[in-house]
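Worksheet: the structure to be examined is printed underneath.
Read the figures in this text as sums done on the coordinates, not as results from a lab. What you see is a predicted model; the values in this text were computed from it and never measured. Note that we place each Cβ from the backbone using ideal geometry, even for glycine, and neighbour counts take in every protein chain shown.
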Amino acid sequence: MGQILQLMYVFFKIGTFSIGGGYAIIPLIQEQVVEHYHWVSRQTFTDIVTISQMTPGPLAVNTSTFIGIQIAGIRGAVFATAGCVISGVCISVLLYRFFKRHRQSKYILEVLNGLKASSLGLIISAAATILLLAFAGTETISRKMTWDWIAVAVFISTFIVIRKWKINPILVIIAAGIIGGLVYS
C-alpha cells in the first residue's frame, strides 16, 4: 500500500503544479516517474505518452492511469488517476469563484497572459523531447546522435498527408502504426 500512496502523492503534486495541462505536463511527469523514482524507462514513458495521446481523455489523466497500471496494476491506476484529478477539481472550483469575483481586473488578465506564455514554453519542450526520443532515441542534441530516418520520413509524410489532403488523423495513425509494425518487427 505504501507504493500506491506514494504514486497517488506524486500524481497529486503533478496535478497540483501542472499549469497548462496537456503537453505542458509531460516534462513534469517525466522528471518524476523516469528520473526521480525510476518507475519506468524513458522508452516506456515515450510509449505511454504515445498511447495516452491516442486514447480519449486528457493527456495527464491517461498518462497517470497507464503509469499507475505499470507500477501497481488496477489499484495503481485508480490511485494515480485520482491523485492527478483531485487537485485540478479543487483548484478549478476555487479559480472559478476567484475569477467570477475579479473578472474586470487588468492585473488578473496580465497574470493569465504570463501563464499562457509559460505553458507554450512547456509545450515546446515536451514536443522537442518526444521528437528527439522518436527520431534519435535520446533527449539531448549531440553530434553523435544516430537518426532513425524511417521514423523521420513517416513523421514528415503523415504531417503532409494530414495538412495537405485533410485525411482523418485516426486513419493516418493506423497507417503509420502498420508501417511501424512492418518496419520495426
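The table below gives the values:
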quantity	calculated
GNM result for the chain, Cα springs below 10 Å: residue of L112, L122, L131 fluctuating most strongly	L112
Cα coordinate range in the stretch 1-113, projected on the principal axes (Å, largest first)	46, 27, 27
Within a Gaussian network of the chain (alpha carbon springs, distance under 10 Å), most fluctuating of W149, W39, W165	W165
Dipole magnitude of the stretch 21-177, debye to nearest 20 (Cβ charges: Lys/Arg +1, Asp/Glu -1, about Cα centre)	680
Extension gain, A82 back to W149 (0.36 nm per residue minus Cα-Cα distance, nm)	20.2 nm
The stretch 76-146 pair-distance distribution - Cα-Cα, 5 Å bins, rounded %	3, 13, 11, 12, 15, 15, 12, 9, 6, 3, 1, 0
Rg/Rg_ref, the stretch 48-185, where Rg_ref = 2.2 N^0.38 Å and atoms are Cα	1.37
Trypsin sites (Lys or Arg not before Pro) lying in DSSP loop within the stretch 81-185, provided at most 12 other Cβ fall within 10 Å	R103, R143, K144, K166
